[in-house]
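The values are calculated or read from the model by the stated rules, or taken from the named source; none is laboratory data. None of the values given here were measured: they were computed from a predicted structure. Reconstructed Cβ throughout: ideal geometry from the backbone, glycine too, with neighbour counts over all protein chains shown.
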Amino acid sequence: MAAVLPDWLSPQQFSTAIDEMANAIGKQWVIHDGDPKLRSYRDSFSTLPGDANVPSAVIAPDGIEDIQAILKIANEYRVPLWPISTGRNFAYGGPAPRMPGYVVLDLKRMNRILEVNEEYAYALVEPGVSYFQLYEYLQKNNIKLWIDPAAPGWGGIVGNTLEHGVGYTPYGDHFMMHCGMEVVLPDGTLFRTGQGSLPETESWQVFQYGFGPILDGVFSQSNFGIVTKMGMWLMPEPPGYMPFLITYENEDDLAIITETVRPLKVNMVIPNGAFTVDLLWDAAVKVSKRQYYSGKGPIPDSARKKIMSDYKLGQWNFYAALYGPPPMMENTLQVIRDTLGAIPGARLWTAEERKHDAAFQYRAKLMRGEPNMTEFGLMNWVGGGGHINFSPISPTTGEDAMRQYEMIKKRSHEYGFDYIGEFAVGWRDMHHVYMLMFDRTDEEERQRAHELFGLLIDEAAAAGYGEYRTHLAFMDQVAKTYSWNDHALWKLNERLKDAFDPNGILAPGKQGIWPAHMREKHSWTS
Amino acid sequence: MISRREFLRGGAVAGIASALPAGAVIAATQAKPTIAFDAICDTRYEEGDQFLRTVSAQAYRVHGLDTDPGSVMPAIADAVAEGRSIAGLTTDAALLLADQLAAAEGYKLTYKGVHKHLSDDQIEHQLTLGQRWQASIEKPLIEADSAWPEVIASLMTTLVPDNQPLVEHRLTATAKRHPNSPGHLVSWILQPA
């Protein structure tokens, strides 16, 4: 079957461009023309129909020179490139491009761990390095540093950080913990941020700033450049580690949990990326919906109660951890018992008490920087493989938590889906992650999920809640909600796009930022 | 349900495989007149055990999965490294991981069955397979009741070398759901291109 191509590119132009790229970096690193390997670049788990967003080709460079050669050809023919690091986050689109026909620029071969400095606790990595890979490297070399993995450990460190992913240790804000980038612009210009711009520096990975504007953020969640190296701060292995779970009996407890946790987070009593997790999220790691309910629509309260009883879970389940010398942890744990543990109906569980609980165990691993894949088991809740994450941000207040929870739960129930969610509690904010799971083998259900997701974006925005990242299919809609002062920010993004990438070859449409030649068709800002 | 201990002890040559050096596994399996495919099943469920009992007689190696779907990843790496086909009865999550890893090495999904309990007594089999197998699979599946995983396992041996254009076929049958069944499993074959 002939590849779908962007409408400005003829099959002949495309073929010539791909041949030139293959000549530049080696034919074995180019996938196209019905090669079965192209299948691994789909997003087959989204709310989009069939094999939407299938790339026309994939090209895998091995370094800066390869990338520069590819960019030169892409500029000549205006071939749209979609860079990925490992392309593993299927809740947001995986490796698939924004539009069918783009050429995926797969950075998987650039998977070198360039430096690990145990004294200053950082690593310098290329974009193809996965959490598993860095973890295994540290273990193998007996380096006493912890990484902060995303829940699926096969994800890429650079990709997750650029997409503003969060983790579970005290280093859970990944972008905050990055230090120094190397970037290739669409015209091939290579530069380094921060201290990396000083030729003889030893400070690139220890000080985040340089002299002048801090440009790192411009290259996160954007389509202005390709990040080819990134420094990440790593956590020194602490002398002690104490994960815990507190279960809560009532849905309404979410408000008081959130109010109680805020001062504990702002004051760093709880140092790590803490999570308030809904019952079904925890349960779905271990059981499927049909084991408790075989009817249509959301699972009834009676079944929820049965799950709570069977697995000793709460309607809400708060996970966090303490780190440090044991006497300090014991003291802090007493503060936790006196606050979060004092909420009526709360029960605090230790690691020993939950040692056979798969949900506790995978979170305990994540909070000590050990990557794993257990959370993928969530997908089995309904079967059928469909899943997509809705992720609005709010301040850490009980009122906001309940408002978001009730709004999303009401709509998801109206549309026949379960509410399955968690609140990732940062220092001052919460990332509310609602995992919309659906049976992708059921066409009507897939369409219903798509409709619900679009509705949630608009309703959340109207209430003042913006999404911090989203699936490919909804990037324009989310971008549109950031509309203050007549979309001034997105108009600026478009000006930056035109300046950095005048031919519009790099990830057109990512985050709703379209290049000039596609703007008339896609953009809403003018 | 077969316990993990029994599974490793003797039910399947392949179960032993994960506990033995690779050389020992090959020695144990080379004598079997089989098509070279690995089998993967979720032994948390009765369906997985049923599948295992039948397929272990034919498979080069069998791998059991647990709560962590990531446990499928080393099994796929083993099979792909040696170019063997892979057949499975697993959850969707395990298939997602298996398919992504295998597809990156050029493997095709040449068969997929979605087995979905519509109620505690009724199951829908949604099969995507070579056209010529449609007729032969329907009757045994309908008659199998809750033993359907054994029918699927039997089919694997014939499907593995198959390379026909795929068609989708749905059928509904009476089948009592096992008490611990997740109610939704997928059977599948990944083959090198």
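Table for the structure above
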item	result
Candidates A:ASP43, A:ASP62, filtered to the one that is in a loop (DSSP other than H, G, I, E, B) and in contact with a Lys or Arg (Cβ under 7 Å, 6 or more places away or on another chain)	A:ASP62
Pick from region A:259-276, criterion closer than 19 Å to A:PRO325 by Cα and in contact with a Gly (Cβ under 9 Å, 6 or more places away or on another chain), ranking: surrounded by the fewest Cβ atoms within 10 Å (Cβ to Cβ)	A:PRO271
Positions within region B:53-70 being within 14 Å of another protein chain (Cβ to nearest Cβ) and either of a type in the set (Val, Ile, Thr) or crowded, with 20+ Cβ neighbours inside 10 Å (or both), in sequence order	B:LEU65, B:THR67, B:ASP68, B:PRO69, B:GLY70
Evaluation of A:ASN493 against (1) in contact (Cβ under 8 Å) with a residue 40 or more places away in the chain; (2) in contact with a Phe, Trp or Tyr (Cβ under 8 Å, 6 or more places away or on another chain) (one fails), failing number	(2)
Matching residues, region B:74-96, being aliphatic (A, V, I, L, M), in a helix (DSSP H, G or I) and either more than 7 Å from chain A (Cβ to nearest Cβ) or surrounded by 24 or more Cβ atoms within 10 Å (Cβ to Cβ) (or both)	B:ALA75, B:ILE76, B:ALA77, B:ALA79, B:VAL80, B:ALA81, B:ALA93, B:ALA94, B:LEU95
Which numbered condition A:PHE211 misses (of (1) more than 16 Å from the chain's Cα centre (by Cα); (2) closer than 23 Å to A:ILE270 by Cα; (3) not β-branched (Val, Ile, Thr))	(2)
Subset of region B:148-175 [surrounded by 15 or more Cβ atoms within 10 Å (Cβ to Cβ) and either assigned to a loop (DSSP other than H, G, I, E, B) or among the aliphatic types (A, V, I, L, M) (or both)]	B:VAL151, B:ILE152, B:ALA153, B:LEU155, B:MET156, B:LEU159, B:VAL160, B:ASP162, B:LEU166, B:LEU171, B:ALA173, B:ALA175
The lone exception for A:ILE343 - which of (1) away from chain B (no Cβ under 14 Å); (2) farther than 30 Å from A:PHE417 by Cβ it fails	(2)
Verdict on A:ALA364 being surrounded by fewer than 24 Cβ atoms within 10 Å (Cβ to Cβ), modelled with pLDDT of 95 or more, out of contact with any Phe, Trp or Tyr (no Cβ under 8 Å at 6 or more places or on another chain) and within 24 Å of A:ALA150 (Cα to Cα)	yes
Qualifying residue in region A:199-217 (condition: hydrophobic (A, V, I, L, M, F, W, C), at pLDDT 95 or above and part of a strand (DSSP E or B))	no
Condition met for A:GLU353 (in contact with a helix residue (DSSP H, G or I) (Cβ under 8 Å, 6 or more places away or on another chain) and among the acidic types (Asp, Glu))	no
Lone unmet requirement of (1) in contact with a His (Cβ under 9 Å, 6 or more places away or on another chain); (2) surrounded by 20 or more Cβ atoms within 10 Å (Cβ to Cβ) for A:ASP439	(2)
Any hit, region A:394-404, residues being in contact (Cβ under 8 Å) with a residue 24 or more places away in the chain and touching a Gly at 6+ places or on another chain (Cβ under 7 Å)	no
Enumerated strands (runs of 3 or more DSSP E) restricted to region A:324-440, each holding at least 3 residues that are within 26 Å of A:ARG262 (Cβ to Cβ)	A:347-350, A:393-395, A:421-425, A:429-439
Residues (hydrophobic (A, V, I, L, M, F, W, C), touching a His at 6+ places or on another chain (Cβ under 6 Å) and more than 9 Å from chain B (Cβ to nearest Cβ)) located in region A:368-392	A:ILE388
Subset tally (residues that are crowded, with 20+ Cβ neighbours inside 10 Å and touching a strand residue (DSSP E or B) at 6+ places or on another chain (Cβ under 8 Å)) for region A:288-320	10
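Residue by residue, here is whether (1) within 13 Å of chain A (Cβ to nearest Cβ); (2) touching a Gly at 6+ places or on another chain (Cβ under 6 Å); (3) of a type in the set (Val, Ile, Thr) holds:
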residue	(1), (2), (3)
B:LEU101	yes, no, no
B:THR128	yes, no, yes
B:SER136	no, no, no
B:MET156	no, no, no
B:VAL167	no, no, yes
B:ALA173	no, no, no
B:ASN180	yes, no, no
B:HIS184	yes, yes, no
B:PRO192	yes, yes, no
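For (1) in contact (Cβ under 8 Å) with a residue 60 or more places away in the chain; (2) in the same structural domain as A:ILE67 (by TED's automatic domain parsing); (3) closer than 30 Å to B:HIS115 by Cα, each residue gets a yes or a no:
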residue: A:ASP252; (1), (2), (3): yes, no, no
residue: A:THR260; (1), (2), (3): yes, no, no
residue: A:ASP282; (1), (2), (3): yes, no, yes
residue: A:VAL285; (1), (2), (3): yes, no, yes
residue: A:TYR293; (1), (2), (3): no, no, yes
